[in-house]
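Some notes on the structure that comes next.
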Amino acid sequence: MDETMEQTRQRAQQILERLKAQYPDAKYYLNFSNPLELLVAAILSAQARDEAVNAVTAELFQKYKTAEDYATAPLERLENDLRKINFYRNKARAIQAACRALVERHGGRVPDTMEALTKLPGVGRKTANAILANAFDKVEGIVVDTHVARLSRRLGLTAHDDPEGIERDLMALLPKSEWKRLPWLMKAHGRAVCTPRAPKCPRCVLNDLCSKVGVQR
Ligand code: SF4
C-alpha cells in the first residue's frame, strides 16, 4: 500500500533526526564572511568542488572587497584570478554581470529578498535560497543542489526531477526550522554514503527508512 502523506512526513522527520545524529558538525560548505562573498562563491560553485571554490576564494576575497571591485575589474584579470575553477571564463562574466546589477540597482549591496535576488543575472532560486538562509538567516525555501535532489528521490521523499518540484515536496514534509540545515546534512551523507554511483546501502543509517528509488539492489 502506498504511504500516506502523514506517514511520509513521519519518515522524513526520522530521516532528518538520524542524519543530525550522524553528522552533528554539518555546516554550510562554502567559506564567506558577508553576503557578497557568498554570492560570488555560489556562482563559482556550479559544477565545481567546494574545496576548489574555497581555495580560490581565500585569495580572491583579499583582492576584491566590493561589488564595484568585481564590476570594474578588467575581465582578463578576473578570469586569471579564477582560472583554477571549472568554467572560469563564464563564471567571471557571470560575477561581473551580477555585481554590475548590484551597483546599478542596489547601491552595491546584496539584497535580502527572494524577488530582488532572483532578478540578478545568473542568480536562480537555489543561489537565492543559499544567500538568504546562510548570509541573512532568512529561510524561505530549501537549497536543492545535486545531493539534495538525488537523495530526496532515492529516499522516496519526492517523485519530481525538477528542483522546484523537489523543493515544494520537501517544504511540505519538514518544518521550516529544518529547511536551512537539511541541505548541509544531505550533502554530508551524499558524499560519504549515498554517492552518485554505488551508494553504500548496507552500511547506511537510513537503510530501513529508504525506498531506494532507482538504486540497483
Ligand atoms: S539506503 Fe542507499 S539509497 Fe537510501 S539513502 Fe542510504 S545509501 Fe542512499
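Here, each number is a calculation from the coordinates, and none is a lab measurement. Bear in mind that the values here come from a model prediction, so they are computed numbers and not experimental data. Note that we place each Cβ from the backbone using ideal geometry, even for glycine, and neighbour counts take in every protein chain shown.
Every residue, every condition in (1) crowded, with 16+ Cβ neighbours inside 10 Å; (2) more than 30 Å from Q96 (Cα to Cα); (3) more than 9 Å from the ligand (Cβ to nearest atom); (4) in contact (Cβ under 8 Å) with a residue 40 or more places away in the chain, yes or no:
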{"residue": "V123", "(1), (2), (3), (4)": "yes, no, yes, yes"}
{"residue": "A128", "(1), (2), (3), (4)": "yes, no, yes, no"}
{"residue": "D145", "(1), (2), (3), (4)": "yes, no, yes, yes"}
{"residue": "L151", "(1), (2), (3), (4)": "yes, yes, no, yes"}
{"residue": "H160", "(1), (2), (3), (4)": "yes, yes, yes, no"}
{"residue": "L173", "(1), (2), (3), (4)": "yes, yes, yes, yes"}
{"residue": "S177", "(1), (2), (3), (4)": "no, yes, yes, no"}
{"residue": "L182", "(1), (2), (3), (4)": "yes, yes, yes, yes"}
{"residue": "A188", "(1), (2), (3), (4)": "yes, yes, yes, yes"}
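Looking at (1) within 16 Å of the ligand (Cβ to nearest atom); (2) of a type outside the set (S, T, N, Q); (3) under 24 Å from K91 (Cβ atoms); (4) in contact (Cβ under 8 Å) with a residue 40 or more places away in the chain, can you tell me which one L206 breaks?
Result: L206 passes all but (3).
Return the residues of the stretch 159-217 that are among the hydrophobic types (A, V, I, L, M, F, W, C) and within 18 Å of the chain's Cα centre (by Cα); say none if nothing qualifies.
Selection gives I166, L170, M171, L174, W179, L182, W184, L185, M186, A188, A192, C194.
Across the stretch 158-179, what is the total count of residues that are more than 12 Å from L16 (Cα to Cα) and in a loop (DSSP other than H, G, I, E, B)?
Of the residues in that region, 5 qualify.
In the stretch 53-112, how many are polar (S, T, N, Q) and more than 22 Å from the chain's Cα centre (by Cα)?
From the stretch 53-112, those polar (S, T, N, Q) are 54, 57, 62, 66, 72, 80, 86, 90, 96; that's our starting set.
Within this subset, residues satisfying the condition of being more than 22 Å from the chain's Cα centre (by Cα) are 62, 66, 72, 80.
Matching residues across the stretch 53-112 total 4.
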